[in-house]
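Down below is the structure, laid out as structure tokens.
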Amino acid sequence: MSITDRCNFRCTYCMPRKVFKAGFPFLPRSELLTFEEIERVVRAAAALGVQKVRLTGGEPLLRREVERLVAALSAVPGIEVALTTNGALLATKAQALKAARLDRVTVSLDSLDDAVFKGMNDVGVSVSRVLAGIAAAQEAGLTPIKINAVVKRGVNEASVLPLARHFRGTRHVIRFIEFMDVDNTNGWRMDDVVTADELLTQIATEFPLEAIPAAYPGEVASRYRYKDGGGEVGVIASVTRPFCGSCTRARLSADGKLHTCLFASTGHDLRRLLRSGCSSQELKESLAGVWQARDDRYSELRTAGIATSPRVEMSYIGG
Ligand code: SAM
Ligand code: SF4
């Protein structure tokens, strides 16, 4: 669930500054789903068997009183609540998130090199600020933490090994993500994708690896363990190893559009339904109907050389 389309970063691969500049038409507050509306959707989804909700964005920690939303969702029976953040505000929010019973946090960090990281987030936030957020989350007991690093050729391939070294031997698991063509503005080219095979070869030159099974059906990361017992590392290879066939994720944009694929171009308008005074039963039927009719396989089509457009922005639909 994307709970805001706004962000305090301008990552070049996600919200490039030349597009997301002053005056960009972000959603007005009245168009965002309210916390109560989000909770209704989650209760209906839980009744249909959904077990996990991930809050994302944009930057979810920018949403005012996000901990109040976390508390409401974690009180829904059967629901685990996770959150993905760029970490810049995590040091100030970690304790409140834990108190609201957040189950897990994923922190994005693309490099340990300040110049490279500042170049990628494009707002001058330093590595130390994100590491402080990770430390605060650890102290608050939000462990183990997952770390996401997007790798773009010519930008941060040299950051892969230092990141792997840094998180080896901690309880935190770093996952390297292939740069995706998730929207129409990030100038994606296949040449810029550092493939999972390249990433794993690079890591294995220093730390031999072996594949381990997925932790649960539909897990997007392929998992590997360090043969010397230094923990595990993952790769998310939606470009070179598409996993559409086992995908179990529905996505809700900040303004209440339900998308059955990260790369979908249109969504089903749940906000209109919610604001028309629908019953819980109607909401459940609508969710079930959308899900049962899904036939998305964008990444497989991309691999087959067939791409569709236009697609929605990552910051709007969540990563
Ligand atoms: N702002 C939060 C953050 O950065 O963690 C949450 C939203 S962000 C859209 C979620 C995830 O998507 C992040 O880990 C980010 O690195 C990843 N992401 C964004 N654009 C991407 C792209 N073009 N290719 C691959 N991953 C991307
Ligand atoms: Fe913001 Fe996250 Fe996108 Fe970076 S990846 S611009 S932090 S939403």
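Some notes on this structure:
- Inside the stretch 97-121, residues that are more than 19 Å from the chain's Cα centre (by Cα) and under 18 Å from residue 159 (Cβ atoms) make up a count of 7.
- Output for the stretch 196-230, where each listed residue is among the hydroxyl-bearing types (Ser, Thr, Tyr) and within 21 Å of residue 146 (Cβ to Cβ): 216, 222, 224, 226
- Here is the figure for the stretch 162-180: residues that are part of a strand (DSSP E or B) and of a type outside the set (A, V, I, L, M, F, W, C) total 2.
- Of the listed requirements (1) open to solvent by 30 Å² or more (accessible area, probe 1.4 Å); (2) within 17 Å of the chain's Cα centre (by Cα), residue 228 misses just one: (2).
- Top-ranked residue of the stretch 55-90 - restricted to ones that are among the hydrophobic types (A, V, I, L, M, F, W, C), part of a helix (DSSP H, G or I) and within 12 Å of residue 103 (Cα to Cα), ranked as nearest to ligand 2 (Cβ to nearest atom): 70
- Some residue of the stretch 91-110 being open to solvent by 50 Å² or more (accessible area, probe 1.4 Å), without any contact (Cβ under 8 Å) to a residue 60 or more places away in the chain and either touching a Phe, Trp or Tyr at 6+ places or on another chain (Cβ under 6 Å) or farther than 30 Å from residue 75 by Cβ (or both): no
- Qualifying residues in the stretch 1-54 (those that are part of a strand (DSSP E or B) and touching a residue at least 60 places away in the same chain (Cβ under 8 Å)) - the one most open to solvent (accessible area, probe 1.4 Å): 54
The values are calculated or read from the model by the stated rules, or taken from the named source; none is laboratory data. Keep in mind it's a predicted model, so treat the numbers as computed, not measured. Positions of Cβ are backbone-derived with ideal geometry, glycine not excepted, and every protein chain shown enters the neighbour counts. We work out accessible area using only protein heavy atoms, side chains counted, and drop any ligands, DNA or RNA first. Shrake-Rupley method; radii C 1.70, N 1.55, O 1.52, S 1.80 Å.
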